[in-house]
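These notes concern the structure reproduced below.
The values are calculated or read from the model by the stated rules, or taken from the named source; none is laboratory data. Quantities reported herein were computed from a predicted structural model and do not represent experimental measurements. Virtual Cβ from ideal backbone geometry, glycine too; neighbours counted across all protein chains shown. Please note that ligands, DNA and RNA were not included when accessible areas were found on the heavy atoms of the full protein model with its side chains. Shrake-Rupley method; radii C 1.70, N 1.55, O 1.52, S 1.80 Å.
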Amino acid sequence: MCLMMKRSDTYTPLFSLPSFHKFCKGLLHNALNEDPVICLQTCNSLQVISSSLNTELLQRCVDVCRVQLVHSAVRVRQAYGKLLRTIPLDVTLSNHSHPEIEEISLVVRRHMSRPQQHLSPPGLQ
């Protein structure tokens, strides 16, 4: 659907409507889903429409990409890394992170920095 809209000049005015903005916010929210399949489908849609996003939505997209760069699924990390490379560098390097994404990033960083616990089989402790 996104690809079809993108290829037609008829839909260009729709990209400035509040409903498109709301749709994109929902899409960005879906990008943080636990299911890797949903993450990948969402990333594909974001790649198609990324050139039509305003700066605010692009910044949210950058925030989502930063979170997904540490996803447990390699394909998700790769897809969001690829998406991040398509976003203009000035947006990527800006420091306008949204509070909810900062919170998610903080939780991920804390989790990643914890020492790995090695579980020994019963009787070998």
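Filtering segment 59-114 down to residues that are among the hydroxyl-bearing types (Ser, Thr, Tyr) and either in a helix (DSSP H, G or I) or modelled with pLDDT of 90 or more (or both), which residue is nearest to residue 43 (Cα to Cα)? Before you say what the answer is, go through the steps one by one.
Applying the first criterion (among the hydroxyl-bearing types (Ser, Thr, Tyr)) to segment 59-114 yields 72, 80, 86, 92, 94, 97, 105, 113.
Then drop every residue that is not either in a helix (DSSP H, G or I) or modelled with pLDDT of 90 or more (or both), which leaves 72, 80, 86, 92, 105, 113.
Numbers: 72: 16, 80: 7, 86: 12, 92: 16, 105: 18, 113: 27 Å.
The selected residue is 80.
Looking across segment 65-80, just one residue is under 9 Å from the mean Cα position of the chain (by Cα) and surrounded by fewer than 16 Cβ atoms within 10 Å (Cβ to Cβ), and that is 69. Is it the case that residue 18 is open to solvent by 30 Å² or more (accessible area, probe 1.4 Å), farther than 24 Å from residue 90 by Cα, at pLDDT below 95 and not acidic (Asp, Glu)? Yes, satisfied.
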